[in-house]
Amino acid sequence: MKFEPCEKCKNNKIPGYIEVNSVLRECECRTAWKMKSSLLWELKEANLLSSEKDLLWDYSLSMYKGANENIQKLHKIMESKELFKFYNYYFWGQPNTQKTTIAKWMGKIAIKDFKLSTYYMSMNALVELLGVIKKDKEHYEKINKIKNIDVLIIDDAFDAKKIVLFSNNFQLIYFNNFLQERLQNESTVTIFASSVEPSKINTNHFGMEIPNILLKRKTIIIPCTDNINRENAFIDINSIFSNKTR
């Protein structure tokens, strides 16, 4: 991320710094740039952000398109770290209903405001990771890190069309054990984005244990029904931030 000094400091000997009583002080624009650069790195490490031009960078829930009362209630939840950590979350609905965008936004807030470790991945990637037969030390460390991370966002959850399983489905043994342990750990948060209604998870090879745990553990289930065109949904965002330096 390139630093661009503001009008106040750009003509100084060292752009980004202002002389105050013969002492160089960091300008507000440089402080803001350092914070944004740090956040950018954290979001990339969390697999949430691909570049500075990613729509997630400037997205907030106030930009949500549609009249979904359940989603609007997230405003209150996301104002409090303690309230946010009290639940798991399950977004489900058809494509282009903003499930993944909102889940990623929650991850951004978890990192930026709540200082929680966060990671985003597809359920297929998780099943593949857990299904490796010969696991070395590095592999086990990665699994344990994901299992115990503060916030885990799982996309394309329980969608049989997007998860590659071997004919004997042996990976599901590891996967179900992993997910059960995680969902019963009250110090972690798991966010699902899925096209599958929770009550129908068991029809996609996953059995009844997972949906039962989801319903028993404090899980906010939010149906997303605002079927919109994604590109049109973000037209206003582009205009709002067109004059904003990234």
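Overview of values
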| read-out | value |
| --- | --- |
| Some residue of segment 87-99 being within 19 Å of residue 152 (Cα to Cα) and touching a Pro at 6+ places or on another chain (Cβ under 7 Å) | yes |
| Pairs where the first residue, in segment 212-227, is modelled with pLDDT of 75 or more and the second is aliphatic (A, V, I, L, M) and not in a loop (DSSP other than H, G, I, E, B), C-beta under 7 Å, 6+ apart | 213/183; 214/183; 222/71 |
| Count of residues meeting criterion [outside any loop (DSSP other than H, G, I, E, B) and of a type outside the set (A, V, I, L, M, F, W, C)] in segment 75-108 | 15 |
| The lone exception for residue 73 - which of (1) modelled with pLDDT under 85; (2) outside the structural domain of residue 114 (by TED's automatic domain parsing) it fails | (2) |
| Some residue of segment 144-159 being more than 29 Å from residue 37 (Cβ to Cβ), in a loop (DSSP other than H, G, I, E, B) and either touching a Gly at 6+ places or on another chain (Cβ under 7 Å) or at pLDDT below 85 (or both) | no |
| Qualifying residue in segment 31-46 (condition: under 26 Å from residue 190 (Cβ atoms), touching a Leu at 6+ places or on another chain (Cβ under 6 Å) and not β-branched (Val, Ile, Thr)) | yes |
| Residues being touching a strand residue (DSSP E or B) at 6+ places or on another chain (Cβ under 8 Å), buried (at least 17 other Cβ atoms within 10 Å of the Cβ) and not in a loop (DSSP other than H, G, I, E, B) - total across segment 44-73 | 1 |
| Test result for residue 147, more than 16 Å from residue 192 (Cα to Cα), free of Cβ contacts under 8 Å to residues at least 40 places away in the same chain and in the same structural domain as residue 76 (by TED's automatic domain parsing) | no |
| Selection from segment 164-201 of residues that are touching a Phe, Trp or Tyr at 6+ places or on another chain (Cβ under 9 Å), surrounded by 12 or more Cβ atoms within 10 Å (Cβ to Cβ) and in a loop (DSSP other than H, G, I, E, B) | 195, 196, 197 |
| Filtered residues of segment 57-115 (kept if among the aliphatic types (A, V, I, L, M) and closer than 19 Å to residue 219 by Cα) | 71, 74, 77, 78, 83, 102, 103, 106, 109, 110 |
| Output for segment 3-36, where each listed residue is surrounded by 13 or more Cβ atoms within 10 Å (Cβ to Cβ) and within 30 Å of residue 154 (Cβ to Cβ) | 36 |
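This table checks each residue for (1) in contact (Cβ under 8 Å) with a residue 12 or more places away in the chain; (2) surrounded by 15 or more Cβ atoms within 10 Å (Cβ to Cβ).
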residue	(1), (2)
75	yes, no
88	yes, yes
121	yes, yes
132	no, no
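The values are calculated or read from the model by the stated rules, or taken from the named source; none is laboratory data. The structure displayed is predicted, hence computed values, not measured ones. Note that each Cβ is placed from the backbone with ideal geometry, even for glycine, and that neighbours are counted across all protein chains shown.
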